[in-house]
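What follows draws every value from the coordinates through simple rules; no lab data is involved. What you are looking at is a predicted structure, and each value in this text was computed from that prediction instead of being measured. In this analysis, Cβ positions are derived from the backbone assuming ideal geometry, glycine residues included, and neighbour counts consider all displayed protein chains.
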Amino acid sequence: MNLGKYSNAGVSFSFPRAWAVAEDDFDEFIRAITIEDENEGEGIYMIDIYKSEQAPSLEMYKSRQMESFLNSLPLGAEIVGTPQVTKIESKLGSDIEGIEVTFTISMPLVDNIHYISSYYKITSGGKTGLLSSQYPLENEFESRKGFEVIVGSFYAE
């Protein structure tokens, strides 16, 4: 995998060179970075950075991100079945916790789409990063591998 490096205002991480940092916005409470994969609209990866004492729990972050995703779907789209939630056992360090959700979306006139969303909470340099990925199951191999590069190299000071 050919990697690029992002470094700006105290935040750095590596990511697949075919992906792009689409947004890097911040205010006094949160910094939000969005990365998109080469297949526009297929995978989205987000990093929200807080002062550690202001960071929400991983569960709250997951709930907010899932709600935001569902609100962005076309009218009539919905989750079918029960989403499967799995704790991710990180090999990257004790300051990292993660969960993964697999779910299926039903939309009118479209085949069901199976998704994977992963969420990590990483404490680094006095900051807490909440990282999320969301991509169709059919893109799992490349998307998971790319997101693991971001998670494994993330640093905020």
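Data table
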{"quantity": "5 angstrom amide H check on LEU3, placed H, neighbours 5+ away", "calculated": "ARG17"}
{"quantity": "Number of Lys pairs (Cα under 24 Å; 8 or more positions apart or on different chains) in the chain", "calculated": "20"}
{"quantity": "For GLY43, residues with placed amide H under 5 Å, excluding near neighbours", "calculated": "ASP37"}
{"quantity": "Cα long-axis angle, helix 58-72 against the chain (0 to 90 degrees, to the nearest 10)", "calculated": "50"}
{"quantity": "CD proxy at 222 nm, helix term only [per DSSP H run n ≥ 4: -39500 (n - 2.57); per residue of the chain; nearest 500]", "calculated": "-6000 deg cm²/dmol"}
{"quantity": "Pairwise label distance in nanometres, MET1 with THR104, each label 7 Å out on the Cα-Cβ vector", "calculated": "2.8"}
{"quantity": "Top of LEU73, LEU131, LEU58 by mean-square fluctuation, Gaussian network on the chain, Cα under 10 Å", "calculated": "LEU73"}
{"quantity": "Footprinting exposure proxy for LYS51, LYS121 (fewest neighbouring C-beta atoms within 10 Å first)", "calculated": "LYS51, LYS121"}
{"quantity": "Additional length obtainable on full extension of the chain from ARG144 to PHE29, 0.36 nm per residue less Cα span", "calculated": "38.5 nm"}
{"quantity": "Counting DSSP beta bridges with both ends in the chain, the antiparallel % (nearest 5)", "calculated": "100"}
{"quantity": "Mean-position separation - Cα centroids, region 16-44 and region 72-88, in angstrom", "calculated": "22"}
{"quantity": "Choice from SER106, SER124, SER133 with maximal GNM fluctuation in the chain (Cα, 10 Å cutoff)", "calculated": "SER106"}
{"quantity": "Region 60-152: GluC sites (Glu not before Pro) falling in loop per DSSP and having at most 14 other Cβ within 10 Å", "calculated": "GLU89"}
{"quantity": "Helix 140-153 axis, angle to the chain major axis (alpha carbon atoms, nearest 10°)", "calculated": "20"}
{"quantity": "Student exercise, region 5-157 dipole from Lys, Arg, Asp, Glu Cβ charges, in Debye to nearest 20", "calculated": "440"}
{"quantity": "Ascending count of other beta-carbon atoms within 10 Å, so fewest first, for PHE29, PHE147, PHE69, PHE15", "calculated": "PHE29, PHE69, PHE15, PHE147"}
{"quantity": "Correct option for Kirkwood radius over Cα pairs in Å [calculated from the coordinates] among (1) 16.1; (2) 17.1; (3) 17.7", "calculated": "(1)"}
{"quantity": "Which of VAL80, VAL149 has the fewest Cβ neighbours within 10 Å, and the rest in rising order", "calculated": "VAL80, VAL149"}
